[in-house]
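These notes concern the structure reproduced below.
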Amino acid sequence: MSTDVRDLLQGYFNALNDRDIRACVAQVGDELILEPNQGFAEHGRDAFAAFLERQLHCYREAIDSLVILVEPQGRHAACEYRVSGEYLATDDGLPEACGQRYEMRVGAFFEIHNGLITRISLHFNLPDWLAQVDD
């Protein structure tokens, strides 16, 4: 089972790197709970697709150095990865974007049910990111 979860998550991160919203949304369940860093939880595929649209509009990111850890029953997973990005358009409540480049480590936690991602919880060092983009 952990191999199936690893494949699911690898496909999810491949889709993120490809900037393929449709492929990302195909990996999640209808009742997805998205817990973004420093934000309120969002629920459902439509909210997730809107989140991804905003992300792709505001940021161009590449994910590498992905490590996937899966608990034996395959219901929970944790990932650590590095993001290299460019801040393209000003995101709500954040500094003005003007093409600033940044790099950061991210941790993400997942719940899996019936072969789909049902919860994504994202964590990164916001003060460090702000210091990198605040010109």
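Each reported figure results from applying straightforward, stated rules to the coordinates on display, with no laboratory input. Every value quoted in this text rests on a predicted model; they were computed, and no experiment measured them. Glycine gets a Cβ as well: all are built from the backbone with ideal geometry, and neighbour counts include every protein chain shown.
Hey, could you check region 107-127 for residues that are of a type in the set (F, W, Y) and closer than 13 Å to L9 by Cβ and say which is surrounded by the most Cβ atoms within 10 Å (Cβ to Cβ)?
F110
Can you pull out every residue in region 25-75 that is surrounded by fewer than 14 Cβ atoms within 10 Å (Cβ to Cβ) and closer than 11 Å to I120 by Cα?
If the condition is that a residue be surrounded by fewer than 14 Cβ atoms within 10 Å (Cβ to Cβ) and closer than 11 Å to I120 by Cα, then A41, H43 are the ones that fit.
Which ranges mark the strands (runs of 3 or more DSSP E) fully within region 52-119 that have 3 or more residues being free of Cβ contacts under 8 Å to residues at least 24 places away in the same chain and either over 21 Å from R19 (Cβ atoms) or of a type outside the set (K, R) (or both)?
Once the strands (runs of 3 or more DSSP E) in region 52-119 are filtered for at least 3 residues that are free of Cβ contacts under 8 Å to residues at least 24 places away in the same chain and either over 21 Å from R19 (Cβ atoms) or of a type outside the set (K, R) (or both), what remains is 59-70.
Considering each residue of region 120-133, count those that are in contact (Cβ under 8 Å) with a residue 60 or more places away in the chain and either over 17 Å from F51 (Cβ atoms) or not small (G, A, S) (or both), and give that number. Full working, then the answer.
Going through region 120-133, the residues in contact (Cβ under 8 Å) with a residue 60 or more places away in the chain turn out to be 120-124, 126.
With the extra rule that they be either over 17 Å from F51 (Cβ atoms) or not small (G, A, S) (or both), the set shrinks to 120, 122-124, 126.
Final tally of qualifying residues: 5.
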